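The values are calculated or read from the model by the stated rules, or taken from the named source; none is laboratory data. These numbers were taken from a predicted model, which means no experiment stands behind them. No Cβ is skipped: glycine too gets one built from the backbone with ideal geometry, and neighbour counts run over all protein chains shown. Each accessible area value is taken on the protein alone, full model and side chains, heavy atoms only, with ligands, DNA and RNA left out. Shrake-Rupley method; radii C 1.70, N 1.55, O 1.52, S 1.80 Å.
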Amino acid sequence: MSRHARIQAFFDAETWTVTYVVSDPATGSAAVIDPVLGYDVKSGHTHTRSADQVLAYVAAANLQVQWILETHAHADHLSAARYLQQCVGGRIAIGENIKQVQAVFKNLFNLERSFLPDGSQFDHLFKDGERFRIGQLEVAALLVPGHTPADMAYAVEDAVFVGDTLFMPDVGTARADFPGGDAHQLYRSIRRLLALPRETAIFVCHDYPPETRQPAWETTVGEQRDGNVHVHDGVTEEAFVAMRTARDATLDVPTLILPSLQVNVRAGQLPPPDDNGVSYLRIPLNALPGAKP
């Protein structure tokens, strides 16, 4: 656990996602990392149960939200960033390479002409190595591409929030077969993170645990280097890329990839409503790889 920052995790069992609230006890300032907007695929309804747990904690702890941080444009859950901002304020931020991701998915979904792939939907775009503050806590934004071109990690004192780049050691690493993904880049990004001191706490964004344990989300650089099933010390880049490429070829498309990306490239904003006042999601037919046999 970080020496001064207070870290509270919220596990969303519907999407296996972990949202974090990182706060500075000295000032009451806080950042929310990777908030979840619930989505029911059968009815098309969204819900805010997960985000409301975060809001309740923020209110009970009397925190002032400065930042709402996205590690990347997620393909497995919708972002509640805009909902949280409407409730408690804060600047929504992501890595500057989100512009590449927006350009890809603007084309895939044939989004409205007014949607510009320039990152303007977010309040701030981080550059690699950029430093900012949560109250008195200094944070470094680290570019860790590979899963997507825009993945960022956020290092706060002796803790780092790695998004989807790494999972718990017995689960491994993120896939690298999304548009703009690259297994070579992913390996190098992981080695960048694992070059941090061994005692650095790693907080992951998802856990897909084996049946032998409950969901977990905190590990360390040392535990990852010693025991990550995909990328422990001694695994070469060539071996990792071969493993990751073969494994990714067996994976199905994430269940929520189509609804989530249409919302997440907009910083958690739903698509603009039609003239009847209803927002619609677009389903591109026969445009993505099909389910694996």
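Ordering Ala93, Ala242, Thr17 by the projection of their Cα atoms onto the charge dipole of the chain, which places +1 on the Cβ of Lys and Arg and -1 on the Cβ of Asp and Glu, puts Ala93 at the extreme positive end. Taking the chain as the region of interest, the number of lysine pairs whose Cα atoms are within less than 29 Å, with members eight or more places apart or on different chains, is 5.
Mean residue ellipticity at 222 nm, helices only, the chain: -7000 deg cm²/dmol; runs of at least 4 DSSP H residues each add -39,500 (n - 2.57), and the sum is divided by the number of residues. Placing +1 on the Cβ of every Lys and Arg and -1 on the Cβ of every Asp and Glu, with no other charges, gives the stretch 189-293 a dipole of roughly 180 debye about its Cα centre. In sequence order, the stretch 127-141 has phi-based couplings of 8, 4, x, 5, 10, 8, 10, 10, x, 9, 7, 8, 10, 10, 8 Hz under the Karplus curve 6.51 cos²θ - 1.76 cosθ + 1.60, θ = phi - 60°, and Gly or Pro positions carry x.
For the chain, modelled as a GNM whose springs connect Cα atoms under 10 angstrom apart, the maximal fluctuation among Val58, Val104, Val36 occurs at Val104. Note on the stretch 112-126 and the stretch 139-214: Cα centroid distance 25 Å, given to the nearest whole angstrom. Residues considered: Asp128, Asp233, Asp252. Largest GNM mean-square fluctuation over the chain, using C-alpha springs under 10 Å, is found at Asp252.
Peptides 167-179, 270-282 ranked from most to least packed, by the mean per-residue count of other Cβ atoms within 10 Å: 167-179, 270-282. Annotation: amide H of Gln64 within the under-5 Å range of Ser29, Ala30, sequence separation 5 or more or interchain, hydrogens built in the peptide plane. For the stretch 7-41, the residues whose backbone nitrogen is under 14 Å from a point 7 Å from the Cα of Gln86, taken along Cα to Cβ, are 37-38. Could you compute the FRET efficiency for Asp118 and Asp226, with r as their C-beta to C-beta distance and R0 at 45 Å, rounded to 0.05? So, using R0 = 45 Å, E works out to roughly 0.60. The distance between label points at Ala246 and Lys42 comes to 3.9 nm (points 7 Å beyond Cα on the Cα→Cβ vector). Taking every DSSP beta bridge that has both ends in the chain, the antiparallel portion is near 70%. Close amide H pairs (under 5 Å, H built 1.01 Å from N) link Val171 with Val229, residues at least 5 positions away or on another chain. Of Leu251, Leu78, Leu125, the residue with the greatest mean-square motion in the GNM of the chain, using alpha carbon springs below 10 Å, is Leu251.
Ranked from largest to smallest solvent-accessible area, with a 1.4 Å probe on the protein heavy atoms, Lys99, Lys106 come out as Lys99, Lys106.
Distant-in-sequence amide contacts of Gly146, defined by a placed amide H-H separation under 5 Å and a gap of 5 or more residues or a different chain, comprise Asp151, Asp182. Couplings 3J(HN,Hα) of the stretch 161-169, computed from phi: 9, 9, x, 8, 4, 10, 10, 4, x Hz, in residue order, whole Hz [Karplus 6.51 cos²θ - 1.76 cosθ + 1.60, θ = phi - 60°; x for Gly and Pro]. Stretched out straight at 0.36 nm per residue, the stretch from Glu238 to Asp76 would grow longer than its current Cα-Cα span by 55.5 nm.
Across the chain, the relative contact order, built from alpha-carbon pairs under 8 Å that are at least six residues apart, equals 17 percent.
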